[in-house]
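The values are calculated or read from the model by the stated rules, or taken from the named source; none is laboratory data. Because the structure is a prediction, the values reported are computed rather than measured. For neighbour counting, all protein chains shown are included, and Cβ atoms are generated from backbone atoms with ideal geometry for every residue, glycine included. These accessible areas exclude ligands, DNA and RNA; they are computed on the full protein's heavy atoms, side chains included. Shrake-Rupley method; radii C 1.70, N 1.55, O 1.52, S 1.80 Å.
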Amino acid sequence: MPANTAPGATLARAWSLLSRNWIIVVPSIAVGAVSAALASALSAAGWLSWQFFGDLNQTGPAGYWAFLATIVAIGLRIVAAVVAIAFTCGMAAAAWTGASARFADGAAALRRNGVHAFVALVVLTVLGLVAAALFIPTFGISVLAYMIFMLYAMPGVLVGNRGAIDAIVESIALSWRSIGVTIVLVALIVALAVAGGLLGNLLERVPFLGQLLGWVVMEAVVAYATLVVVGEYIQLLTPPDQAR
């Protein structure tokens, strides 16, 4: 990938790679289906629930089990997200560096950096909650800063082989070093998410297959956005960084 590629070229290249490597969309769909089925089974068995947040005044055994079931629900969400992100990032990196992506590339990224990705996602979730809590007093600047400066954190873990904290620090540095391009990418990704959501809602009106089509569209948007961010991350790395 040539250095100093403009955002438009990165977007076009990412679209070309997705068109030739549509299987990048598959892991997120598969993980979503499996995690939904597992959540349904655990919920039916009473081991998974979001009830604790609905009634924070629960005490005694009922409160304990509600808390435990909520922890299971949160854990399942995070684990599923880590697997999906690892596969998508690993396959996206393979597409950028070799023009083709395989499921084995995603599995390798998960096997190599799954634990670091889990820690990073937990930290990013906490930071995201803090940014959301500060939304009103900062007039939205906290959320905007979070979106901009955390953009390259997960690629840093799964593509750059960084530890969780190192990847977050690196993401801040890369975003600051290329602040203009990063802001443009964040704006475009938000626009894509909104457009994908609207198209998904329209497709959900299609009889029988509507919800499935809407889900596939949203996952395709996620895969494309991942390709864009991973491509920009690879471009922003200096040769010494790549050699580490």
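Here are a few things to note about the model shown:
- Segments classed as helices (runs of 4 or more DSSP H), wholly inside region 143-244, with at least 2 members that are open to solvent by 20 Å² or more (accessible area, probe 1.4 Å): 164-177, 179-203, 210-236, 239-243
- Figure legend. Inter-residue proximity from region 176-187: first residues under 13 Å from Gly8 (Cβ atoms), second residues surrounded by fewer than 17 Cβ atoms within 10 Å (Cβ to Cβ) and at pLDDT below 90, beta-carbon distance below 9 Å, spacing 6+ or different chains. Indicated pairs: Val181/Ala6.
- Each residue in region 146-171 was checked for being over 17 Å from the mean Cα position of the chain (by Cα) and over 24 Å from Ala108 (Cβ atoms), and 1 pass.
- The residues listed here are Ala104, Ala117, Ala86, Ala109; of these, the one that is surrounded by fewer than 21 Cβ atoms within 10 Å (Cβ to Cβ) and among the small types (Gly, Ala, Ser) is Ala104.
- Residue check, Leu127 aliphatic (A, V, I, L, M) and over 16 Å from Ile23 (Cβ atoms): yes
- Failed condition for Gly32, given (1) modelled with pLDDT under 85; (2) in a helix (DSSP H, G or I); (3) of a type outside the set (Lys, Arg); (4) touching a helix residue (DSSP H, G or I) at 6+ places or on another chain (Cβ under 9 Å): (1)
- Residue check for Val79: open to solvent by less than 60 Å² (accessible area, probe 1.4 Å), in contact (Cβ under 8 Å) with a residue 12 or more places away in the chain, assigned to a helix (DSSP H, G or I) and more than 21 Å from Leu236 (Cα to Cα): no
- Candidate set: region 35-76, residues that are of a type in the set (Ser, Thr, Tyr) and surrounded by 14 or more Cβ atoms within 10 Å (Cβ to Cβ); chosen: the one modelled with the highest pLDDT: Ser35
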